[in-house]
Amino acid sequence: MAAVFNSISPAEFFYRNRHMAGFGNATLAVYSTVRELVENSLDACEDSGRLPFIIVDLVDESHDFVSVTVADNGTGIPYQHVSESFGKMLFGSKYDTRQKRGTFGLGATMAVLYGQITTEHAVEVHTQTGTSGGHAYRLLIDIEHNVPIVESDSTLDRDGPGTTVTIHIKGDLKRAQDRILEYLRMTTIVTPHAKVLLRINRIATATLGRWTEQLPSVPVVSKPHPRAADLEMLKRLIAENKQKSVRSILVESFQQVGDHTAARLLRHAALDSRKVGWSLSREEISRLSAALKSFDGFARPDGSCLSPVGRDSFLTSVKSVFPVSFCSYGRRGPSEWEGNPFVVEGVLASGDSVDESDVPVLYRFANKVPLLYDASDDVFMKVLKKIDWSKYCVRGARQVYVFVHLSSTRIPYRAAGKQSIALVPEIEAEALTLLRGLARELGKSARELGHRGRSVKKMHEFAKSFRLIAKFGASLAESDIPPTERLISGLFEGSDNGRVD
Amino acid sequence: MVESTNTRDILVQLGKKVVQSILNEEFPRLEIPDRSTDNIVFDPEQGQFVLGTTRVMRDSSKIRHVKSFAQLVWVASFAKDLLDASRTSSLRDLYYSSEAFGVKFVDQAESDRIVADLESLSGMAREDFGVFPEEHSSVYGQVTMRYTVPGYLGREVDLTVSPDGLPIGPALMTAEPVKSNAEIVLAVECGGMFARLIETRAWERFKAVLIHLGGQPPRSTRRLMRLLHDRLDLPVYIFTDGDPWGMHIAQVIITGSANAAHIRGLTIPDARWIGVTPEDIVEYSLPCDSMNDADIKRLDELALDSRYTGPEWQQHISGFKDLRRKAEQQAFSRYGMDYVVDTYLADKLA
C-alpha cells in the first residue's frame, strides 16, 4: 500500500506542537505571550542604546479572550521586515552570533499563531523607526504556506520610536497574572536599567525598576568559534567560498583562527591547506568537521559578544527587589561549551524571610531572561544541591537567595519552552566553582557576625521567632509582612543594651 | 454567632499593633493580665474568681520572651483563620497544627497555656474563636435549640432526639433555646447515672434537662448550663459522687475555677449541689469506701479555699472529715435500679 507523505509548513508544525513552545494551556499561553513580546522589546531597546521603558497591558475581554499589548521605546522594526517578523515562522534578526534574549524569532510568531487560531484575530503592530512616520499593521499568518497576510497597513505617527504589539488570545488572565508579575519582577533583576509598567484591566498594577541608569555593555557581533561549527555550517561556508583556499575560508569565517592555527589544524585533519573550496570532497569536508571538534589548539572563544549583568548592576537590582542585607557577586568565564562562549555570574544574598529552608532559594536566568518553570531539571539546581550549605552557616540562620545568570551565544535549553538549562558539563563545572566561592563569602560574613557580640545560634533562634511574629502579625492585620532585618541586626550588633536577660 | 465580628476585630487589632510597632522599628510588647495564683482573687460580688490588677509584660526584644510571643501571635492568627473559615478546632488539634506553621511547642500543656494567654489578653474565651477541648459531655431534655452555626443556621434540634443524649459541642454551645417544657437543669457526674435517668424517664418526672458532666465539665458544658439557666430561668442542681472531688465539680460550676479566672460568663452562683453529701451517706446508709490520703489532703485544702468559706460548705467538709468515708452516685443501686429516682432525687428535688 502506498503511504501518503505530506509535508507540513513550520507554522503548522509549531501549532501542532504548541505545548513545546509554552502554549500548552490557557494560563501558560498568556504568560508565554507576555514573555515573548517583552523579550523582543528589551532586545530592541538594547539595540537602540536607550533606557528601556516597557508597558505591558493585559485586558480581560469576553469569553476567556485576553488582549496582550506590549509597548517599548526600542529601535522599531524596519517596515520592510514587519510582516515577516510576525507572520512567518523561523524568520528573525537573531541568527547572528551574539547574546540575545530571543533565539530564533520563533516565540512572538508562535504567540501570533496561537492568537489567530484561538480568537481569529489579527495581530496589531504599530512601529516607528525614526522620530515620525510610524506604520500600523494588522497581520495574519497563512498557516499552510507559512507566509504573512497583511490585512491593513497605514501610516500612523507614534509618540517616539519603538513598537507596540497587541495580540488577542484565548487565555486565563486571572491565573496567569501572578506568574507574569513575578516574571517581570525577575526580569528587572537582570535588566536593572529597564522600567516596566504592568497594567491589568487598565489599572496600573505594578511599576518595576529602574534600579540603575547604567547601560549594559552592548554585545559585539562576532564570528563563530570553530568548535561551534557543525557539518551543515561548514558545508554552507565552503559552498559560499568556492574559489578560496580552505585555509583562508577557515581564517575568514572563524574567530581564534589565524594562519598559524589554520595550518596546524589542517595538518591535524591531514588536508592540503591550499586546496580550494570546490575541490573538497564530501569525505574531506566531514574529516575537517571532525577535526574542528578534536583539535585542541584553539584559543578560548572571545567573550565580547556576551553581555553579563555586571557586578554593580546585579548587586543593585537584587538589593532593590529583595529585602537583603548581605550580598556578594561572583563571575566565571568566559569559557566555552562546544565552541559557544559563556559567562556564569551570580549573586548570593541573605536577609529577611519567614519561609526558611536549609537550601537557598534559587533564581535562574539565561541571557537576561528569568526562568520560572521546570527548576528541578536545571543544571543550576543540580549544582545548588551538590553544595553542603550547612557548612556555610546557612541552616536556620537567614534566608539565603542565589541568583545565577548564564550568558552565552547559545543557551542549551532542555526544551523549546525555554525554561530549564541542560546539564552541560562545562557550565556545571563553572557554576559549581562560582557558587562555592560565593558560599564561602557568606560563611565568612556569618562567622564574623557570630564573633561580634552574641553567639550565632542565639541570634538565629531569636531571628526565627521574631520573623514568625512579623509573619503572623501581618496575617492577623491582613497587611504585608513588615521588614524585621534591621530590628534584629540592631539588637545583636549594638552590644551592650542588655536585652538578653 | 453574633460576637464573631467583634472577636475578629480584637484579633485584627492585635495584629495591627504588632505590625505597626515593627514598622516603627520598635519591638512589639504586650501587657497580659497575670494569671499566677498571686493575682487571682475571689470576687464575692460576682461570686467567682477574677484576676487582680497585676499585669505581665511580654517583650519581643527579650530572648526569654520572643518564643512565647511568637507562639501567642500564631495562636491568634490560627484563631482568626478558624473564624474566617467558620471552622472549629480542639486544643489538641491546635497543638498539632502548630508544626505546619513552623511554630514549636514543647508539649500540649505549653500550647494550652498560650491559648490561655490569648484569652486573658483579649478578654475572650477560646470558645469564642473556635477552640474547644477534646472531650464532650452530653445533654438530654425537653428543650428545643436553634443552631446559629453556618450550615445549620436556623435548624432546630430537640434535645431528646437521641436516647443516648446529645454531645455538647461548639454548635450546641452557641445555639439558642427556642422552646422548653423543662423546669430545672440536673447535672450528674457520671455516664451511668445519666443513662439511668434517661431510661427511667426521670427527665419527664422532674421536668429536667439532664447534663452529663463526666468529671470536671468542659467549659462549653458550663456555658450551655449557664445559658439554660439565664434564658429559660431554670434552677441548676448538681448531683455528683460523695467525695471532695465530686463536691469540687459542683463548686467550680457555681463559682468558677482558678484556671479560668480570666473568663467571665461561666459561673452559676445560685446553682445548688444536692449531693451526695456526707449526711446522705449516713441517712441513706450508702455502701462506701474509706477515704485515702489524697482525699483527706484535698479536704484540708478545700477547707482553706476562699470559695468554701460559707457555713454550708464548711459543714460538708467537716462532715466528710468526721466520716472519713466516701460514696459514689451508683451506691444507691444497692436498693434497686429505680431507688435513686423514686426516693433520693424525689426527696432532693421536692
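The numbers here are math on the coordinates, done by the rules we state, and not lab data. None of these values were measured; they are calculated from a predicted model. Every residue, glycine among them, receives a Cβ derived from its backbone with ideal geometry; neighbour counts consider all protein chains shown.
For a modelled paramagnetic label at residue A:478, 7 Å from Cα along Cα-to-Cβ, the residues of the range B:50-85 in reach, with backbone nitrogen under 15 Å, are B:77, B:80-85. Loop-located chymotrypsin sites (Phe, Trp or Tyr not before Pro) in the range A:269-313 (DSSP state not H, G, I, E or B) with no more than 15 neighbouring Cβ atoms inside 10 Å do not occur. Packing-based ranking of B:303-313, A:426-436 yields A:426-436, B:303-313, ordered from highest to lowest mean Cβ neighbour count within 10 Å. Only one residue of B:330, B:299, B:143 has its Cα farthest out toward the positive end of the dipole of the range B:138-348, where Lys and Arg carry +1 and Asp and Glu -1 on Cβ, and that residue is B:143. Our summary gives chain B a relative contact order of 14 percent, counting only alpha carbon pairs under 8 angstrom and 6 or more residues apart.
The mean of 1/r over all distinct Cα pairs in the range A:226-294, once inverted, gives the Kirkwood hydrodynamic radius of 11.5 Å. All Cα-Cα distances of the protein assembly as shown, cut into 10 Å bins from zero to the largest, leave 2, 10, 14, 15, 14, 11, 10, 9, 7, 4, 3, 1, 0, 0 percent in each bin in turn.
For chain B, modelled as a GNM whose springs connect Cα atoms under 10 angstrom apart, the maximal fluctuation among B:271, B:195, B:187 occurs at B:195.
Using R0 = 25 Å, the C-beta based FRET efficiency linking residue A:429 and residue A:263 works out to 0.20. Here r is the Cβ-Cβ distance between residue B:322 and residue B:87 and R0 is 60 Å; the resulting FRET efficiency, rounded to 0.05, is 0.70.
Taking a ≥ b ≥ c as the square roots of the eigenvalues of the Cα gyration tensor, the range B:131-211 is classed as oblate, since a/c reaches at least 1.5 and a/b does not exceed b/c. A protection proxy built from the mean count of other Cβ atoms within 10 Å ranks the segments A:176-186, A:143-153, most packed first, as A:176-186, A:143-153. Bridges between two residues of the protein assembly as shown, per DSSP, are antiparallel at a rate of about 75%. Using just the helices of chain B, give the 222 nm mean residue ellipticity in deg cm²/dmol: DSSP H runs with n ≥ 4 each add -39,500 (n - 2.57), and the total is spread over all residues, rounded to 500. Helix contribution divided over all residues of chain B: -12000 deg cm²/dmol.
Descending by average beta-carbon neighbour count within 10 Å, the peptides A:202-211, B:257-266 line up as B:257-266, A:202-211, the highest first. Rounded to the nearest 20, the size of the Cβ-charge dipole of chain B about its Cα centre is 760 debye, with Lys and Arg at +1 and Asp and Glu at -1.
Partner shielding of B:324-330 amounts to 0, given as the average count of beta-carbon atoms from other chains within 10 Å of each residue beta-carbon. Peptide B:72-85 is shielded by partner chain Cβ atoms: per residue, an average of 3 of them sit within 10 Å of its Cβ. Under 5 Å between amide hydrogens, built in the peptide plane, is the criterion, and for residue A:149 it picks out A:140, A:141, A:142 among residues at least 5 positions away or on other chains. Per-residue 3J(HN,Hα) values for the range A:408-413, derived from phi via the Karplus relation 6.51 cos²θ - 1.76 cosθ + 1.60 with θ = phi - 60°, read 7, 5, 9, 9, x, 5 Hz in sequence order (x marks Gly and Pro). Projected onto its three principal axes, the C-alpha set of chain A covers 89, 62, 58 Å, listed from the longest axis down. For peptide B:58-66, the mean count of partner chain Cβ atoms within 10 Å of a residue's Cβ comes to 5. GNM remark for chain B: springs join alpha carbons under 10 Å apart, and the peak mean-square fluctuation among B:267, B:255, B:200 falls on B:200. Summarising the label geometry, the points placed 7 Å from Cα in the beta-carbon direction at residue A:120 and residue B:230 lie 6.7 nm from one another. Charged side chains reduced to their Cβ positions (Lys and Arg at +1, Asp and Glu at -1) give the protein assembly as shown a dipole of some 3780 debye around its Cα centre. Shape summary of the range A:10-208, radius of gyration then Dmax from alpha carbon positions: 15.5, 43 Å. The Cα atoms of the range B:138-348 give a gyration tensor whose axes a ≥ b ≥ c have a/c of 1.5 or more with a/b no greater than b/c, which makes the shape oblate. In this structure the amide hydrogen of residue B:43, modeled in the peptide plane, comes within under 5 Å of the amide hydrogens of B:48, B:49, B:50, none closer than 5 places in sequence on its chain.
Given a Förster distance of 35 Å, report the FRET efficiency between residue B:29 and residue A:390 from their Cβ-Cβ distance, rounded to the nearest 0.05.
The formula returns an efficiency of 0.50 here.
Ranking A:123, B:216, A:421 by how far each Cα lies toward the positive end of the dipole of the protein assembly as shown (charges on Cβ) leaves A:421 at the top. Rounded to the nearest 20 debye, the dipole size of chain A about its Cα centre is 1760 debye, using +1 on the Cβ of Lys and Arg and -1 on the Cβ of Asp and Glu. For chain B, hydrophobic long helices are taken as DSSP H runs at least 15 Å long by C-alpha position along their axis with mean Kyte-Doolittle hydropathy of -1.0 or more; these are B:4-23, B:63-84, B:108-122, B:219-232, B:244-255, B:293-304.
In the protein assembly as shown, if the dipole is taken from +1 on Lys/Arg beta carbons and -1 on Asp/Glu beta carbons about the Cα centre, which of A:222, A:176, A:114 is farthest to the positive end? Going by the charge dipole, the pick is A:222.
For chain A, the longest principal axis of the Cα atoms and the long axis of helix A:173-190 meet at an angle of about 90 degrees. Taking a straight line from the alpha carbon of residue B:348, these lysines sit under 24 Å away, with near neighbours fewer than eight places off in the same chain left out: B:207, B:321, B:326. Springs between alpha-carbon atoms under 10 Å, Gaussian network over chain B: tell me which of B:46, B:251, B:216 tops the mean-square fluctuations. Maximum among the listed residues: B:46. Among the trypsin sites (Lys or Arg not before Pro) in the range A:216-291, those located in a DSSP loop and surrounded by at most 14 other Cβ atoms within 10 Å of their own Cβ are A:242, A:274.
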